[in-house]
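Trainee: Have a look at this one before I ask anything.
The values are calculated or read from the model by the stated rules, or taken from the named source; none is laboratory data. Source: prediction; values computed, not measured. Ideal geometry is used to build each Cβ from the backbone, glycine not excepted, and the neighbour counts take in all protein chains shown.
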Amino acid sequence: MAYKMEKGLKDAILAQHREADAFCKIPGNWMGKVPDPSNTEYWSERVPTGTLKEYDRIQLVEDAYYTTAEIVSKSFARSKDFDNWTDDRIKRYMTNAFGVRYD
């Protein structure tokens with residue numbers, strides 16, 4: 001079965017590419033890009049459902065884990081078990097613990 005990517009996810013990926021391109025036009029700046037939407041091998045493993053909702057969830061959980069690991073410790077980050085938290089709980093945690101804002 002061929003991998004099917006939702007238009008919203010494709011649009012988000014291409015928006016990230018445009019953001020990176022614009023940022024890199026400023027001397028001394030560098031920003032990586034997520035793989036192109038045509039790289040279905042990568043995206044089918046990264047976001048199996050092909051939906052923006054799943055991608056956003058994966059990003060939120062990873063942001064919480066890696067921020068906590070960097071600022072506190074990896075063992076503390078693992079102990080939080082972010083995969084089993086709701087999005088709202090993660091956002092409250094990130095705001096309260098690290099001042100991250102979600103608009």
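Trainee: Is there any pair with a first residue in segment 76-97 that is hydroxyl-bearing (Ser, Thr, Tyr) and a second that is assigned to a helix (DSSP H, G or I) and at pLDDT 95 or above whose Cβ atoms are under 7 Å apart and which are 6 or more apart or on different chains, and what are they?
Mentor: Tyr93/Ala64
Trainee: Further, regarding this structure: Mind checking which residues of segment 57-88 are out of contact with any Phe, Trp or Tyr (no Cβ under 7 Å at 6 or more places or on another chain) and polar (S, T, N, Q)?
Mentor: Going residue by residue through segment 57-88, those that are out of contact with any Phe, Trp or Tyr (no Cβ under 7 Å at 6 or more places or on another chain) are 57-60, 62-63, 66, 69-70, 72-76, 78-81, 83-88.
If the condition is that a residue be out of contact with any Phe, Trp or Tyr (no Cβ under 7 Å at 6 or more places or on another chain) and polar (S, T, N, Q), then Gln59, Ser73, Ser75, Ser79, Asn84, Thr86 are the ones that fit.
Trainee: Pick from segment 55-81 the residues that are touching a Lys or Arg at 6+ places or on another chain (Cβ under 9 Å) and not aliphatic (A, V, I, L, M): which of them is surrounded by the fewest Cβ atoms within 10 Å (Cβ to Cβ)? Steps first, answer last, please.
Mentor: Just the residues of segment 55-81 that are touching a Lys or Arg at 6+ places or on another chain (Cβ under 9 Å), to begin with: 55, 58, 60, 64-65, 68-69.
Those left that are additionally not aliphatic (A, V, I, L, M): 55, 65, 68.
Values: Tyr55: 21, Tyr65: 18, Thr68: 21.
Looking at the filtered set, the residue picked out is Tyr65.
Trainee: Filtering segment 1-13 down to residues that are in contact with a Pro (Cβ under 7 Å, 6 or more places away or on another chain) and assigned to a helix (DSSP H, G or I), which residue is surrounded by the fewest Cβ atoms within 10 Å (Cβ to Cβ)?
Mentor: So, considering only residues that are in contact with a Pro (Cβ under 7 Å, 6 or more places away or on another chain) and assigned to a helix (DSSP H, G or I), the one surrounded by the fewest Cβ atoms within 10 Å (Cβ to Cβ) is Lys10.
Trainee: Hey, any hits in segment 20-33 for a residue that's assigned to a loop (DSSP other than H, G, I, E, B), under 12 Å from Leu9 (Cβ atoms) and in the same structural domain as Glu6 (by TED's automatic domain parsing)? Please lay out each step first, then the result.
Mentor: Of all residues in segment 20-33, those assigned to a loop (DSSP other than H, G, I, E, B) come to 25-33.
With the extra rule that they be under 12 Å from Leu9 (Cβ atoms), the set shrinks to none.
No, every residue in segment 20-33 fails to be assigned to a loop (DSSP other than H, G, I, E, B), under 12 Å from Leu9 (Cβ atoms) and in the same structural domain as Glu6 (by TED's automatic domain parsing).
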